[in-house]
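Enquirer: Input: one structure, supplied below.
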Amino acid sequence: MTSYVPEYLKARNRKTVFDLFLHERELSRAEIVQRTKMSFPTASKAVDFLISRGIISEIGSEEPAGRPGRRRRNLRFNPSAYAALALNFEGSMLEVGLVDLAGQLLQYEQHPFDCFHQTEDYVKLTPLLQSVVEKSPCHVLGVGIGMPADIDSQAETVVLYYDRQESMIPLQRLFGPLLQALHLPPFYGNDVNLACLGEALLRGGPRETMDLCYLTLGTGFGAGIMNNGAIWLGGHGRAGEIGNTHMGPFDLKAPLPPQIEPLETHINLQALEKAFGVNLLDDPVLSPDLENRMVEFLLPGLVTSIYNFSFLFDMDQFVLAGAVPAHLPGLVARTEQEVNRLLSHRKRSVSITQPGSAHCTLIGAASGVFESTILSELQG
């Protein structure tokens, strides 16, 4: 009698093996069985599927250590089997990257670009991106696009805010002609959410159990939240707006505008410039004393927000990125130290680290492409 394996179980097994190769790079079938707790036939079917797509390859065999017997064939991850074009609109610049399956940046360049929703600028951009795709050493699966804005994936719109007014622009209007010229499927995302995806890809290991909070502090303060391997978007795709939270209790009898001061206005680049007369984006040379005073200035807001986050989301893995920590090297370690000092009374602790790459948003944009194309195929 032929056994029946539901498609979702096949998909999960394939993705589990893929994630294992992201972390280990070279394994035998026996090691896959041992690590995943799958049966040998189940693991072999997942492996054969990945071999058929060129994602892993057999590289020879070796005799089991300490005893004669059947020689086992070794398998190696092939990150160059596929790549993705990745775009990140950052301030007045556009970052362009070509990223392989392992999250390695094969090509990187920057170009002036005033505003991602100025459609006329894409005419100049098209030949450049076409050249990157044509010269790619790997088969390019799609283009991932990161933007400093909320994305409503159901309505296929980008949400912009001007003077507290909300404006929704169809993604097709912005990127349709460009995508038509590139002949590539798109993956869109908020830049901080994509950075969280990129960090997860670089960390490797099983994604389905990964919990991670990626914080970025610059002109604003935002968070990308990963729960059980998936980005948590919230009910309207706007989760992670930690910079809009409030530090203390409201005075319910006071007028609204003066008392509602978002957290980010106390700890962002503008707050530092107002307090110390220094714009970190000008790359100033900071004395140790000034750097330390800036760090101490930021700690109350940062520590309070991460402390609350750790309880609210039951999360202990944090990344602190952005222009502010990039210019204040001691900020990450001091923040972790103070958060853990406060958490110690509850027998809890957190890890707060720097990002695994300066280009996590590009890597995450590529990861989104992989998940929606070749890895989507793995899922059914």
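The values are calculated or read from the model by the stated rules, or taken from the named source; none is laboratory data. The shown structure was predicted, so the numbers you read here are calculated from the model rather than taken from an experiment. Counting neighbours? That spans all protein chains shown, and the Cβs are built from the backbone with ideal geometry, glycine included. We work out accessible area using only protein heavy atoms, side chains counted, and drop any ligands, DNA or RNA first. Shrake-Rupley method; radii C 1.70, N 1.55, O 1.52, S 1.80 Å.
Enquirer: Placing unit charges on C-beta atoms (Lys and Arg positive, Asp and Glu negative, everything else neutral), compute the dipole magnitude of the chain about its Cα centre in debye, rounded to 20.
Expert: 1900 debye
Enquirer: Compute, for region 250-380, the length of the dipole vector about the Cα centre, with Cβ point charges of +1 (Lys, Arg) and -1 (Asp, Glu) only. Units Debye, rounded to 20.
Expert: The dipole of region 250-380 has a size of about 460 debye.
Enquirer: Okay, moving on. Between GLU261 and SER44, what is the label-to-label distance in nm when each label sits 7 Å out along the Cα-to-Cβ direction?
Expert: Once both label points are built, they end up 6.8 nm from each other.
Enquirer: Can you tally the net charge around PRO284? Count Lys and Arg as +1, Asp and Glu as -1, for every other residue whose Cβ sits under 11 Å from the Cβ of PRO284.
Expert: Local net charge: -4.
Enquirer: Moving on to the next point. I want to check the label-to-label distance for LYS124 and LYS37. Put each point 7 Å from Cα in the C-beta direction and report it in nm to one decimal.
Expert: Between LYS124 and LYS37, the label points sit 5.6 nm apart.
Enquirer: Something else: In whole angstrom, how far apart do the alpha carbon centroids of region 96-141 and region 224-275 sit?
Expert: Using only Cα atoms, the two centres lie 32 Å from each other.
Enquirer: How many nm separate the modelled label positions at GLN180 and GLU58, each set 7 Å beyond the Cα in the direction of the Cβ?
Expert: Going by the 7 Å Cα→Cβ label model, 4.7 nm.
Enquirer: Within a Cβ distance under 14 Å of VAL158, other residues only, what is the Lys/Arg minus Asp/Glu net charge?
Expert: Net of charged neighbours comes to -3.
Enquirer: Hey, another quick one. Under 5 Å between amide hydrogens, which residues at least 5 positions from ILE56 or on another chain qualify, with H placed 1.01 Å from N in the peptide plane?
Expert: For ILE56, whose amide H was placed from the backbone, the distant partners under 5 Å are ILE51, ASN78.
Enquirer: ASN228 label point, 7 Å along Cα→Cβ, cut-off 11 Å on backbone N: hits in region 186-215?
Expert: 208-210
Enquirer: What FRET efficiency, computed as 1/(1 + (r/R0)^6) with R0 = 51 Å and r the Cβ-Cβ distance, is obtained for ALA30 and GLU291, rounded to the nearest 0.05?
Expert: Efficiency, rounded to the nearest 0.05: 0.45.
Enquirer: Right, something else. Could you tell me which helices of the chain pass both thresholds, a Cα extent of 27 Å or more along their own axis and a mean Kyte-Doolittle hydropathy of at least 0.0, with helices taken as whole DSSP H runs?
Expert: Span-like helices in the chain: 288-312.
Enquirer: If you don't mind, there's one more thing I want to ask. Express the accessible area of the chain per residue in Å², computed with a 1.4 Å probe while the remaining protein chains stay in the model.
Expert: 51 Å²
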